[in-house]
Amino acid sequence: MQQTRHRIAIAAVAVLGAVIAAGSAGAGSGGSIRIEPGWYDGHHVAFLQPSLFSAKPNGGVLGCFGLGPDLAGINRPTRPLYVIFDQTATQDHCDGDPTAFRHDHVLSVAPGDPGYTGAWTLVLLVEASPGSIDLASHPFTTASQVTAAIASGTLVDVTSAFSPDAPPTMVAPVIGGS
């Protein structure tokens with residue numbers, strides 16, 4: 001198991017390098033908004049990411065993904081937003097390349113839940129064994145499924161490899177759901 005985690009950590013560092021390189025090329029000027037799909041408590045939801053790539057210096061970026069306003073230094077409570085990177089993911093990818101950094105989102109809270117503020121700490125995850133999950137046919141749709149998969153070793157938290165200084169944070173209010 002330790003050997004598998006070591007291999008995953010090495011792979012995550014390699015992915016990090018590619019994400020950073022892609023992010024440098026894709027971080028354009030202008031502050032556009034984006035509506036992203038996600039899962040919450042077994043239901044599809046949509047959340048809004050404001051000012052994804054802005055010429056202003058307060059925008060957060062994680063590789064090729066704009067995170068909107070940088071929350072570092074702002075005292076605002078956040079909740080986990082699980083980001084599962086996998087080639088079978090169906091919800092998002094790097095702009096311009098539908099095969100790059102495919103991932104799904106699982107939100108831990110939604111409007112009306114205690115602790116919901118619309119601000120998130122991203123928890124970046126990958127599968128422990130290649131091919132062990134298929135998000136297209138068996139997505140994780142609840143935070144409890146995700147935390148159980150982390151506890152069982154099915155998913156591995158690679159947040160510190162992608163963001164060594166601190167977990168990435170972002171504001172992205174939930175704007176709809178089914």
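Note on the stretch 66-93: residues that are open to solvent by less than 20 Å² (accessible area, probe 1.4 Å) and out of contact with any strand residue (DSSP E or B) (no Cβ under 7 Å at 6 or more places or on another chain) amount to 0.
Of all residues in the stretch 120-152, those being at pLDDT 95 or above, part of a strand (DSSP E or B) and open to solvent by 20 Å² or more (accessible area, probe 1.4 Å) number 3.
Just one of (1) modelled with pLDDT under 60; (2) open to solvent by 40 Å² or more (accessible area, probe 1.4 Å) fails for Ala12. It is (2). Here Gly112 meets each of (1) under 26 Å from Ile35 (Cα atoms); (2) over 12 Å from the mean Cα position of the chain (by Cα); (3) touching a residue at least 24 places away in the same chain (Cβ under 8 Å) with one exception, condition (3). Close Cβ contacts (under 8 Å, 6 or more residues apart or on different chains) running from residues in the stretch 117-146 that are within 16 Å of Pro167 (Cβ to Cβ) to residues that are acidic (Asp, Glu) and not in a loop (DSSP other than H, G, I, E, B) comprise Val123/Asp157; Leu124/Asp157; Leu125/Asp157. Assess whether Asp104 counts as being at pLDDT 90 or above and part of a strand (DSSP E or B). So Asp104 passes the test.
Pro167 passes every criterion in (1) in contact (Cβ under 8 Å) with a residue 40 or more places away in the chain; (2) more than 24 Å from Cys64 (Cβ to Cβ); (3) open to solvent by 30 Å² or more (accessible area, probe 1.4 Å) apart from (2).
Applying the condition of being at pLDDT 70 or above and crowded, with 19+ Cβ neighbours inside 10 Å to the stretch 19-48 and asking which residue is nearest to the chain's Cα centre (by Cα) yields Gly38.
Of everything in the stretch 60-107 that's among the charged types (D, E, K, R) and within 11 Å of the chain's Cα centre (by Cα), which residue is farthest from Pro50 (Cα to Cα)? Can you show your working first?
From the stretch 60-107, those among the charged types (D, E, K, R) are 70, 76, 79, 86, 92, 95, 97, 102, 104; that's our starting set.
Subsequent filtering for residues that are within 11 Å of the chain's Cα centre (by Cα) retains 92, 102, 104.
Values: Asp92: 16, Arg102: 21, Asp104: 19 Å.
Residue satisfying both the conditions and the ranking: Arg102.
Residues of the stretch 153-164 that are closer than 17 Å to Asp70 by Cβ and surrounded by fewer than 21 Cβ atoms within 10 Å (Cβ to Cβ): Thr159, Ser163, Pro164.
The values are calculated or read from the model by the stated rules, or taken from the named source; none is laboratory data. All of these numbers come straight from a predicted model, not from anything done at the bench. Note that each Cβ is placed from the backbone with ideal geometry, even for glycine, and that neighbours are counted across all protein chains shown. Accessible surface is based on the protein model in full, side chains and every heavy atom, while ligands, DNA and RNA are left aside. Shrake-Rupley method; radii C 1.70, N 1.55, O 1.52, S 1.80 Å.
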